[in-house]
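**Student:** Here you go, one structure.
The values are calculated or read from the model by the stated rules, or taken from the named source; none is laboratory data. What you see is a predicted model; the values in this text were computed from it and never measured. Cβ placement follows ideal geometry from the backbone for every residue including glycine, while neighbour counts extend to all protein chains displayed.
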Amino acid sequence: MSALAGSARGFSSVPWFTSLVTVVLLVAMLVAGGAAYPGFLSLQVGFNLLIDNAYLLVVAIGMGFVILSGGIDLSVGSVLALSTMLTAWLLQTAHWHPAAAILAVLVLGALFGGAMGLIIHLFKLQPFIVTLAGMFLARGLCYLISTESITIDQPFFVTVSQTQVPFMKGFLSPGALIALVVLLLAVWVAHFTAFGRAVYAVGCNEQSAAMMGLNVGATRIGVYALSGLCAALGGVLFSFYMLSGYGLHGQGLELDAIAAVVIGGTLLTGGYGYIAGALSGVLVLGAIQTLIAFDGTLSSWWTRIVIGGLLFAFCVVQRVMGGLRGGRA
Amino acid sequence: MTTRADPALGKPSGTPAQALGAVLLQHPLLRPAAALTLLLVLDAMLLPGFFRLEIKDGHLYGALVDILNRAAPLMLAALGMTLVIATRGIDISVGAVVALSGAVAATLIGGTMVIHEGVPAYVANTPMGVALAAAIGVALLCGLWNGVLVAAIRLQPIVATLILMVAGRGLAQLITDGQIVTVYYQPYFFLGSGYLLGLPFSLYVVAALFTLTLLLVKKTALGLFIQAVGINPVAARLAGLRTATLIVLVYVFCSACAGMAGLLITSNIKSADANNAGLLLELDAILAVTLGGTSLAGGRFSLAGSMIGALIIQTLTYTIYSLGVPPEVNMVVKAIVVFVVCISQSSEFRQLLKKRTA
């Protein structure tokens, strides 16, 4: 972005502006929270946002890639549930080694996502209907394993869930650290690899991407496989966090993940936005929940209403900005 | 109410008899109807007495009536969804609207016990007519909101309705104060579990709404307009159609159907659960519409097909329950059905088949 000539266009360009808005919003929310409630503006409250939403961050990163490529993945919530279930079952019933169980779950998650991507690409189906079916399938498979919740008492998982990693006078959970590492990796993949560039290109215009000689099919399958992998990893983090596998885990999570990505400044039409926006999006969602919890008088359902309102505001802003930029549909 | 936009099917046939056969074979309702018949035959073989109907206390009882009765909310939701999908849209807020309208109705009616001449009786908090009108009114507002987001602000339909899907349940919980609201007012139960002339009353609701929609779509130009918008929105607008108004109308209609479904559901279970009422109903509705042969790409739609689709889903659920298979398997089966139907609908698959047979 060349300094002066590009600054006017650069400032009003959609991903830039909405990403900035989110960060400003987050800071404003934290400051307002700090002014209203003593003890809100401590470092540890900020870290807790990350600890409590580590799985959501990982899932939102996967969703970010899918949305950047112009698709949508509605199956992430149930894939997360299936992963917690599978992890719990492999550990508790099949007595697998934790490393083997985690590896198996991650591979299966990636395969599940990749298979959906393959179907979307091969038969030119709309992503939402295929991932909708994937959502049903994964949720149903959970219940085939067990309809009850499976508690995990495997020593390694218990240790991980209780570990506090000291970090800048506060502490983070291993799950939060993993999520941060995944975020760094994802930013690298999105902005510094051929795959990342292909994702942006496909999201901007599939036809021109194909004409440039990019392998649209491989990119698309890769994106959904990545989303499946992230959902599975989110599931592993979730089972660290909850120490259980249950078919009802992560219900409605796909909506939270989509909301986080949109609030993070990614355009739903694809091609515009930053993977790192997922972090600010997730933190905003987490901050809303924390604020409502701190308030004490507001009931939990206000979270959903506020998230809906934010989603509306961001979509409209994106739409208006998009319209100004020359009307992408 | 279907047109074929597939040029490959326009090839000349041989004799008139062959042509008739081909027409029948290509009738869009053939596949869903065949699927439903197959399912029913399967049921008849697996479940003894499946087709038996008996009259108890002047009401018709039997598996078929049960399936029809339970499918009623889904049929209503599918009816509205068909028109939305016909305009290339999608409405995933159906479940939230069901919860909202149910919450409004149940909260307004509620029911307080009054001792009247020594006999305890329950009285509605608000006159039932007002409560029902309020519930449907809220649903209409939801539809208006969705429609304006799609038509005026031009958000993608899935995103526009996602907003209400997220916020709607929160609003419903706000209305019910996070509680499951129980209704004690007797006349309200008639809507979802009453009988008229031996048949469940909900069936009359569905039949009336279906007939009305069918008449509107077939006997007025509305159906043609909807198809035109679905096939090519820009061309439809250039041809002088008020596409924006039409799209708003379609979303309002879809939400009204969902609101009606919400009334049936709350009346049937005698309570409103803001969290779980109509959960995943939007998915079932989309599934029903797809099963009925409506193209997700817009333009080609079939109201009757969607009704058959809803019945297929309910029959499938019934079968799975009666066979003693864990009900959770239902989701896996549904998922596989969606995959199969969508893939078989896609033109890529047809080309693949053609290559194989050629």
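**Student:** Please state which one of A:L91, A:L172, A:L118, A:L132 is surrounded by 16 or more Cβ atoms within 10 Å (Cβ to Cβ), more than 22 Å from A:G252 (Cα to Cα), in contact (Cβ under 8 Å) with a residue 40 or more places away in the chain and within 14 Å of chain B (Cβ to nearest Cβ).
**Tutor:** Details: A:L91 fails: within 14 Å of chain B (Cβ to nearest Cβ); A:L172 fails: within 14 Å of chain B (Cβ to nearest Cβ); A:L132 fails: more than 22 Å from A:G252 (Cα to Cα).
Residue meeting the stated conditions: A:L118.
**Student:** Give just the number: which of (1) in a loop (DSSP other than H, G, I, E, B); (2) of a type outside the set (S, T, Y); (3) surrounded by fewer than 24 Cβ atoms within 10 Å (Cβ to Cβ) does B:V333 not satisfy?
**Tutor:** Tallying (1) in a loop (DSSP other than H, G, I, E, B); (2) of a type outside the set (S, T, Y); (3) surrounded by fewer than 24 Cβ atoms within 10 Å (Cβ to Cβ), B:V333 fails exactly one: (1).
**Student:** Now for a different question. Suppose we filter B:T266, B:T290, B:T319 for residues that are more than 30 Å from B:G137 (Cα to Cα) and either in contact (Cβ under 8 Å) with a residue 60 or more places away in the chain or within 13 Å of the chain's Cα centre (by Cα) (or both); which single one remains? Show your work before the answer.
**Tutor:** Details: B:T266 fails: more than 30 Å from B:G137 (Cα to Cα); B:T290 fails: more than 30 Å from B:G137 (Cα to Cα).
Among B:T266, B:T290, B:T319, only B:T319 is more than 30 Å from B:G137 (Cα to Cα) and either in contact (Cβ under 8 Å) with a residue 60 or more places away in the chain or within 13 Å of the chain's Cα centre (by Cα) (or both).
**Student:** Would you point out the residue of region A:68-88, among those that are among the β-branched types (V, I, T) and within 13 Å of another protein chain (Cβ to nearest Cβ), that is surrounded by the most Cβ atoms within 10 Å (Cβ to Cβ)? If you could, list the steps in order and put the result at the bottom.
**Tutor:** Narrowing region A:68-88 to residues among the β-branched types (V, I, T): A:72, A:76, A:79, A:84, A:87.
Filter once more, keeping what is within 13 Å of another protein chain (Cβ to nearest Cβ): A:72, A:79.
On the way: A:I72: 25, A:V79: 36.
Filtering first and then ranking leaves A:V79.
**Student:** Same structure again: Do we have B:V159 as within 30 Å of B:K56 (Cα to Cα) and either without any contact (Cβ under 8 Å) to a residue 24 or more places away in the chain or crowded, with 22+ Cβ neighbours inside 10 Å (or both) here? Don't jump to the end; show me each part of the working.
**Tutor:** Values: within 30 Å of B:K56 (Cα to Cα): no; either without any contact (Cβ under 8 Å) to a residue 24 or more places away in the chain or crowded, with 22+ Cβ neighbours inside 10 Å (or both): yes.
It is false that B:V159 is within 30 Å of B:K56 (Cα to Cα) and either without any contact (Cβ under 8 Å) to a residue 24 or more places away in the chain or crowded, with 22+ Cβ neighbours inside 10 Å (or both).
Per-residue answers, yes or no, for (1) farther than 18 Å from B:F50 by Cβ; (2) of a type in the set (S, T, N, Q); (3) in contact with a helix residue (DSSP H, G or I) (Cβ under 9 Å, 6 or more places away or on another chain); (4) surrounded by 24 or more Cβ atoms within 10 Å (Cβ to Cβ):
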| position | (1), (2), (3), (4) |
| --- | --- |
| B:L283 | yes, no, yes, no |
| B:I286 | yes, no, yes, yes |
| B:V289 | yes, no, yes, yes |
| B:R300 | yes, no, yes, no |
| B:S322 | no, yes, yes, no |
| B:V325 | no, no, yes, no |
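**Student:** Among the numbered criteria (1) crowded, with 18+ Cβ neighbours inside 10 Å; (2) modelled with pLDDT under 85, which single criterion is violated by B:L197?
**Tutor:** The one condition B:L197 does not meet is (1).
**Student:** For the subset of region B:186-195 comprising residues that are small (G, A, S) and touching a residue at least 60 places away in the same chain (Cβ under 8 Å), which member is farthest from the other protein chains (Cβ to nearest Cβ)? Before the answer, list the steps.
**Tutor:** Within region B:186-195, the first condition is being small (G, A, S), and the residues that meet it are B:192-194.
Those left that are additionally touching a residue at least 60 places away in the same chain (Cβ under 8 Å): B:192-193.
Details: B:G192: 25, B:S193: 28 Å.
For region B:186-195, the residue satisfying everything is B:S193.
**Student:** Out of everything in region A:312-329 that is assigned to a helix (DSSP H, G or I) and farther than 25 Å from B:S93 by Cα, what residue ends up being modelled with the highest pLDDT?
**Tutor:** Of all residues in region A:312-329, those assigned to a helix (DSSP H, G or I) come to A:312-324.
Keeping just the survivors that are farther than 25 Å from B:S93 by Cα gives A:321, A:323-324.
Values: A:M321: 69, A:G323: 55, A:L324: 50.
Looking at the filtered set, the residue picked out is A:M321.
**Student:** Here is a follow-up. State whether the residues of region A:282-300 include one that is surrounded by fewer than 17 Cβ atoms within 10 Å (Cβ to Cβ) and within 30 Å of A:Q92 (Cα to Cα).
**Tutor:** Our first condition is that a residue be surrounded by fewer than 17 Cβ atoms within 10 Å (Cβ to Cβ); within region A:282-300, this holds for A:293-300.
Filter again for within 30 Å of A:Q92 (Cα to Cα), leaving none.
So far as region A:282-300 goes, no, none of its residues is surrounded by fewer than 17 Cβ atoms within 10 Å (Cβ to Cβ) and within 30 Å of A:Q92 (Cα to Cα).
**Student:** Considering (1) part of a helix (DSSP H, G or I); (2) modelled with pLDDT under 85, say which one A:M1 fails and leave the rest.
**Tutor:** Unmet condition: (1).
**Student:** Among what's in region A:274-311 and is of a type outside the set (F, W, Y), outside any helix (DSSP H, G or I) and away from every other protein chain (no Cβ under 14 Å), pick the residue that is farthest from A:P38 (Cα to Cα). Lay out the reasoning, then the answer.
**Tutor:** Taking region A:274-311 as the starting set, the residues that turn out to be of a type outside the set (F, W, Y) are A:275-293, A:295-300, A:303-311.
In the following step, the residues that additionally are outside any helix (DSSP H, G or I) were identified as A:275-276, A:296-300.
Still in the list and also away from every other protein chain (no Cβ under 14 Å): A:275-276, A:296.
Details: A:I275: 33, A:A276: 30, A:G296: 14 Å.
That would be A:I275.
**Student:** Could we say that B:G299 is assigned to a helix (DSSP H, G or I) and more than 11 Å from chain A (Cβ to nearest Cβ) here? Talk me through it step by step, then tell me what you get.
**Tutor:** Numbers: assigned to a helix (DSSP H, G or I): no; more than 11 Å from chain A (Cβ to nearest Cβ): yes.
No.
**Student:** Would you confirm whether any residue within region A:229-236 is in contact with a strand residue (DSSP E or B) (Cβ under 9 Å, 6 or more places away or on another chain) and crowded, with 21+ Cβ neighbours inside 10 Å?
**Tutor:** First pass over region A:229-236, keeping only residues in contact with a strand residue (DSSP E or B) (Cβ under 9 Å, 6 or more places away or on another chain): A:235.
Those left that are additionally crowded, with 21+ Cβ neighbours inside 10 Å: A:235.
Among the residues of region A:229-236, at least one is in contact with a strand residue (DSSP E or B) (Cβ under 9 Å, 6 or more places away or on another chain) and crowded, with 21+ Cβ neighbours inside 10 Å, which makes the answer yes.
**Student:** Here is a further query. May I ask you to say which residue of B:T107, B:T126 is away from every other protein chain (no Cβ under 12 Å), assigned to a loop (DSSP other than H, G, I, E, B) and either more than 30 Å from B:V229 (Cβ to Cβ) or aliphatic (A, V, I, L, M) (or both)?
**Tutor:** Numbers: B:T107 fails: assigned to a loop (DSSP other than H, G, I, E, B).
Selected residue: B:T126, the only one of B:T107, B:T126 that is away from every other protein chain (no Cβ under 12 Å), assigned to a loop (DSSP other than H, G, I, E, B) and either more than 30 Å from B:V229 (Cβ to Cβ) or aliphatic (A, V, I, L, M) (or both).
**Student:** Now, a different point. Looking at region B:199-219, is at least one residue under 18 Å from the mean Cα position of the chain (by Cα) and within 14 Å of another protein chain (Cβ to nearest Cβ)? Let's see the steps before the verdict.
**Tutor:** So in region B:199-219, the residues under 18 Å from the mean Cα position of the chain (by Cα) come out as B:200-217.
From what is left, the residues that are within 14 Å of another protein chain (Cβ to nearest Cβ) are none.
Within region B:199-219 (the criterion being under 18 Å from the mean Cα position of the chain (by Cα) and within 14 Å of another protein chain (Cβ to nearest Cβ)), the answer is no, since none of the residues qualifies.
**Student:** Does B:A152 meet the test of being modelled with pLDDT of 85 or more, more than 30 Å from B:V130 (Cβ to Cβ), within 14 Å of chain A (Cβ to nearest Cβ) and surrounded by fewer than 20 Cβ atoms within 10 Å (Cβ to Cβ)? Lay out the reasoning, then the answer.
**Tutor:** Working: modelled with pLDDT of 85 or more: yes; more than 30 Å from B:V130 (Cβ to Cβ): yes; within 14 Å of chain A (Cβ to nearest Cβ): yes; surrounded by fewer than 20 Cβ atoms within 10 Å (Cβ to Cβ): yes.
Spelling it out, B:A152 is indeed modelled with pLDDT of 85 or more, more than 30 Å from B:V130 (Cβ to Cβ), within 14 Å of chain A (Cβ to nearest Cβ) and surrounded by fewer than 20 Cβ atoms within 10 Å (Cβ to Cβ).
**Student:** Tally the residues that are buried (at least 17 other Cβ atoms within 10 Å of the Cβ) and more than 13 Å from B:V104 (Cα to Cα), restricting the search to region B:171-187.
**Tutor:** In the first step, residues of region B:171-187 are kept if they are buried (at least 17 other Cβ atoms within 10 Å of the Cβ); the result is B:171-176, B:181, B:183-185.
With more than 13 Å from B:V104 (Cα to Cα) added as a condition, the list becomes B:184-185.
Total meeting the criteria: 2.
**Student:** Filter region A:135-164 for residues that are assigned to a loop (DSSP other than H, G, I, E, B) and among the hydroxyl-bearing types (S, T, Y); which is farthest from the other protein chains (Cβ to nearest Cβ)?
**Tutor:** If we filter region A:135-164 for residues that are assigned to a loop (DSSP other than H, G, I, E, B), which is where we start, we get A:146-149, A:152-154, A:163-164.
If we keep only those that are among the hydroxyl-bearing types (S, T, Y) too, we end up with A:146-147, A:149, A:163.
Working: A:S146: 10, A:T147: 6, A:S149: 14, A:T163: 34 Å.
Result: A:T163.
**Student:** A follow-up question, please. Which members of region B:171-185 meet the condition of being in a loop (DSSP other than H, G, I, E, B) and more than 7 Å from chain A (Cβ to nearest Cβ)?
**Tutor:** B:D177, B:Q179, B:I180, B:V183, B:Y184, B:Y185 - these are the residues of region B:171-185 that are in a loop (DSSP other than H, G, I, E, B) and more than 7 Å from chain A (Cβ to nearest Cβ).
**Student:** Of the conditions (1) among the charged types (D, E, K, R); (2) closer than 14 Å to B:G292 by Cβ; (3) surrounded by 24 or more Cβ atoms within 10 Å (Cβ to Cβ), B:R31 satisfies every one except a single condition; which number is it?
**Tutor:** That leaves (3) as the condition not met.
**Student:** Being closer than 23 Å to B:V65 by Cα, more than 13 Å from chain A (Cβ to nearest Cβ) and outside any helix (DSSP H, G or I): is that true of B:G309 here?
**Tutor:** Working: closer than 23 Å to B:V65 by Cα: yes; more than 13 Å from chain A (Cβ to nearest Cβ): yes; outside any helix (DSSP H, G or I): no.
Answer is no for this residue.
**Student:** Out of everything in region A:136-169 that is of a type in the set (A, V, I, L, M) and surrounded by fewer than 17 Cβ atoms within 10 Å (Cβ to Cβ), what residue ends up being modelled with the lowest pLDDT?
**Tutor:** First, the residues of region A:136-169 that are of a type in the set (A, V, I, L, M): A:137-138, A:141, A:144-145, A:150, A:152, A:158, A:160, A:165, A:168.
Of the ones still in play, those that are also surrounded by fewer than 17 Cβ atoms within 10 Å (Cβ to Cβ) are A:144, A:158, A:165, A:168.
Numbers: A:L144: 87, A:V158: 88, A:V165: 83, A:M168: 76.
Result: A:M168.
**Student:** Could you please find all residues in region B:254-281 being away from chain A (no Cβ under 14 Å) and surrounded by fewer than 24 Cβ atoms within 10 Å (Cβ to Cβ)?
**Tutor:** B:A256, B:N268, B:I269, B:K270, B:S271
**Student:** Suppose we keep only residues that are at pLDDT below 90 and of a type in the set (A, V, I, L, M, F, W, C) within region A:170-208. Which one would you say is nearest to A:I51 (Cα to Cα)?
**Tutor:** Among those that are at pLDDT below 90 and of a type in the set (A, V, I, L, M, F, W, C), it is A:L172.
**Student:** Out of region B:50-66, which residues are exposed (fewer than 10 other Cβ atoms within 10 Å of the Cβ) and part of a loop (DSSP other than H, G, I, E, B)? Break it down into steps so the answer makes sense when it comes.
**Tutor:** Going through region B:50-66, the residues exposed (fewer than 10 other Cβ atoms within 10 Å of the Cβ) turn out to be B:56-58.
Result: B:D57, B:G58.
**Student:** Of the residues that sit in region A:257-281 and are out of contact with any Ser or Thr (no Cβ under 9 Å at 6 or more places or on another chain) and surrounded by fewer than 24 Cβ atoms within 10 Å (Cβ to Cβ), which one is nearest to A:L141 (Cα to Cα)? Break it down stepwise before answering.
**Tutor:** Filtering region A:257-281 down to residues out of contact with any Ser or Thr (no Cβ under 9 Å at 6 or more places or on another chain) leaves A:257-259, A:261, A:268-269, A:279.
So of that shortlist, the ones also surrounded by fewer than 24 Cβ atoms within 10 Å (Cβ to Cβ) come out as A:268-269.
Numbers: A:L268: 29, A:T269: 31 Å.
That would be A:L268.
**Student:** It is to be established whether one or more residues within region B:329-346 are in contact (Cβ under 8 Å) with a residue 12 or more places away in the chain, of a type in the set (S, T, Y) and within 12 Å of another protein chain (Cβ to nearest Cβ). Steps first, please.
**Tutor:** Keep residues of region B:329-346 that are in contact (Cβ under 8 Å) with a residue 12 or more places away in the chain, which gives B:330, B:333-334, B:337-338, B:341-342, B:345.
This time we only want the ones that are of a type in the set (S, T, Y), so: none.
No; the residues of region B:329-346 include none that is in contact (Cβ under 8 Å) with a residue 12 or more places away in the chain, of a type in the set (S, T, Y) and within 12 Å of another protein chain (Cβ to nearest Cβ).
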